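S.K.: Take a look at this one; I'll ask things after.
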Ligand SMILES: [Fe+2]
């Protein structure tokens, strides 16, 4: 079966996590572990047909720039199904998720895109699986890694949350887009 734009986006995202993991010390790191789990899940991913959905905040996808990953997101747009986050009450006006598990069987790995409108907040939450975020576009302040404060990330940074870490992100004055993976 030919690789679709969404498959190319996921492959490019995994490659970018691997690239940024190589920049992070120490090595091998939790990021390598996440990239490995992601690569393995992609290797056996099968397509799940679902009706495509969208929410108002996706208008901000026009403002995510023209990096290789942003272009891959644009090309994969027809295959993405956006929904309001179950952790917010805005109905998708400021925050949305495109759960990749809705369109690909990834086994025990959870993957998706998170989109925030400028100045929007993804609420503090925690969950049993560990998690890596790959920031794709936009800046903001992240609470992560068991810390209580919010920090601005360095360029090419990845975000790691241990199981149970309370985490959150607040977008700056641009839309914020990130890919997340959670794995056991
Ligand atoms: Fe999370």
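The values are calculated or read from the model by the stated rules, or taken from the named source; none is laboratory data. Just so you know, these numbers come straight off a predicted model, no measurement behind them. Glycine gets a Cβ as well: all are built from the backbone with ideal geometry, and neighbour counts include every protein chain shown.
S.K.: Hey, can you tell me all the residues within the range 42-71 that are touching a strand residue (DSSP E or B) at 6+ places or on another chain (Cβ under 9 Å) and assigned to a helix (DSSP H, G or I)?
M.R.: 42, 56, 57, 58, 60, 61, 63, 69, 70
S.K.: Still on this structure, I have one more. Within the range 142-164, is even one residue within 15 Å of the ligand (Cβ to nearest atom), part of a loop (DSSP other than H, G, I, E, B), crowded, with 20+ Cβ neighbours inside 10 Å and modelled with pLDDT of 95 or more?
M.R.: Scanning the range 142-164 turns up at least one residue that is within 15 Å of the ligand (Cβ to nearest atom), part of a loop (DSSP other than H, G, I, E, B), crowded, with 20+ Cβ neighbours inside 10 Å and modelled with pLDDT of 95 or more.
S.K.: Among the residues of the range 99-127 satisfying the criterion of being over 22 Å from residue 163 (Cα atoms) and not in a loop (DSSP other than H, G, I, E, B), which is farthest from the ligand (Cβ to nearest atom)?
M.R.: Residue satisfying both the conditions and the ranking: 105.
S.K.: Out of all the residues in the range 82-94, is one or more in contact (Cβ under 8 Å) with a residue 60 or more places away in the chain, surrounded by fewer than 20 Cβ atoms within 10 Å (Cβ to Cβ) and in contact with a strand residue (DSSP E or B) (Cβ under 8 Å, 6 or more places away or on another chain)?
M.R.: No: the range 82-94 contains no residue that is in contact (Cβ under 8 Å) with a residue 60 or more places away in the chain, surrounded by fewer than 20 Cβ atoms within 10 Å (Cβ to Cβ) and in contact with a strand residue (DSSP E or B) (Cβ under 8 Å, 6 or more places away or on another chain).
S.K.: Could we say that residue 106 is within 24 Å of residue 33 (Cα to Cα), touching a residue at least 60 places away in the same chain (Cβ under 8 Å) and buried (at least 21 other Cβ atoms within 10 Å of the Cβ) here?
M.R.: On the way: within 24 Å of residue 33 (Cα to Cα): yes; touching a residue at least 60 places away in the same chain (Cβ under 8 Å): yes; buried (at least 21 other Cβ atoms within 10 Å of the Cβ): yes.
When the stated conditions are applied, residue 106 passes them.
S.K.: Evaluate the following for residue 173: is it within 14 Å of the ligand (Cβ to nearest atom), in a loop (DSSP other than H, G, I, E, B) and out of contact with any helix residue (DSSP H, G or I) (no Cβ under 8 Å at 6 or more places or on another chain)?
M.R.: When the stated conditions are applied, residue 173 does not pass them.
S.K.: Anything in the range 129-141 that is assigned to a loop (DSSP other than H, G, I, E, B) and away from the ligand (no atom under 11 Å from the Cβ)? List them, or say none.
M.R.: 138, 139
S.K.: Just one of the numbered conditions (1) under 28 Å from residue 48 (Cα atoms); (2) touching a strand residue (DSSP E or B) at 6+ places or on another chain (Cβ under 8 Å); (3) modelled with pLDDT of 95 or more is not true of residue 103; which one?
M.R.: For residue 103, the failing item is (3).
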